[in-house]
Amino acid sequence: MSLLLFIFYWIVIPVLGLMVTFWLFSLAKSPLIKLLVIASFAAFLWGFWWIADGEQLQLDKQVRELCAKDGGIKVYETVRLPAERFDQYGNVGILDKKHAKPTDEYYYETEVHYYLQGNPTLLRSRTWIVRRSDGKILGESIRYGRGGGDLPGPWQGSSFSCPSIADAEGRLESSVFLKGNK
């Protein structure tokens, strides 16, 4: 099915547009009409591009706006841990709630809210770190993202997120857990 859509969007539609343009151009008598035919074909190509990328541009703008409102990392309490609790990359290595053992002091939870599902997708992802002893949320990371919305083809679908996945989730743990005993 994807190959058929690829052929339709990238071969059939442009070829039909070009054929209609040549046909109308050959029928036109005045230079003004010929110019209008060429301008119409240019508008057709621009509209075709807008269908392909316009929705993505609008969703990326929406991602930036949502991110500006509440995206990023918020730390409510920092925790100092001994240096031996950190791995070689500076991570504590806490697990999500369903994989954490009952003896683990900390765990994280994640929830994803879809504003738009399918192709394209628009979502809000919230991840937070919890201290098991009192259930207190120590910090949270909120990220917005868009995935897909591309015209069919043999390429990987595009995506956009704010902040980036690495910044949103990678820095949360290092923002909450600090090395040192003081």
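Bear in mind these aren't lab numbers, they're just calculated from the coordinates by the rules spelled out. Given the structure is predicted, the values throughout are model-derived calculations rather than measurements. Cβ: placed from backbone, ideal geometry, glycine included. Neighbour counts: every protein chain shown.
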Work the Kirkwood hydrodynamic radius out for the range 4-56: mean of 1/r over every pair of different alpha-carbon atoms, inverted, in Å.
12.0 Å
Anchor LYS98: aspartates and glutamates whose Cα lies under 15 Å away (excluding residues fewer than 8 positions away in-chain):
GLU109, GLU111
Dipole of the chain, Cα-centred, from +1 at each Lys and Arg C-beta and -1 at each Asp and Glu C-beta, to the nearest 20 debye?
240 debye
Could you tell me the calculated FRET efficiency between TYR9 and ARG64, based on Cβ-Cβ distance and R0 = 22 angstrom, to the nearest 0.05?
0.20
Taking neighbour counts of Cβ atoms within 10 Å as a proxy for exposure, in what order, fewest first, do SER125, SER133 appear?
SER133, SER125
Among GLY47, VAL79, GLY180, flag the residue with its Cα farthest along the positive direction of the charge dipole of the chain, charges on Cβ as +1 for Lys/Arg and -1 for Asp/Glu.
GLY47
For helix 13-27, what angle does its Cα long axis make with the longest principal axis of the chain, in degrees from 0 to 90 and rounded to 10?
30 degrees
Fully extended, how many nm does the chain gain between ALA83 and SER158 (0.36 nm per residue separation, minus their Cα-Cα distance)?
23.1 nm
Label-to-label distance, nm, for residues given as MET19 and LEU32 (7 Å Cα→Cβ offset):
3.1 nm
Residue order, fewest to most beta carbons within 10 Å, for THR21, THR110:
THR110, THR21
Just want to confirm a number: the relative contact order over the range 1-110, from Cα pairs under 8 angstrom separated by 6+ residues, in percent.
12 percent
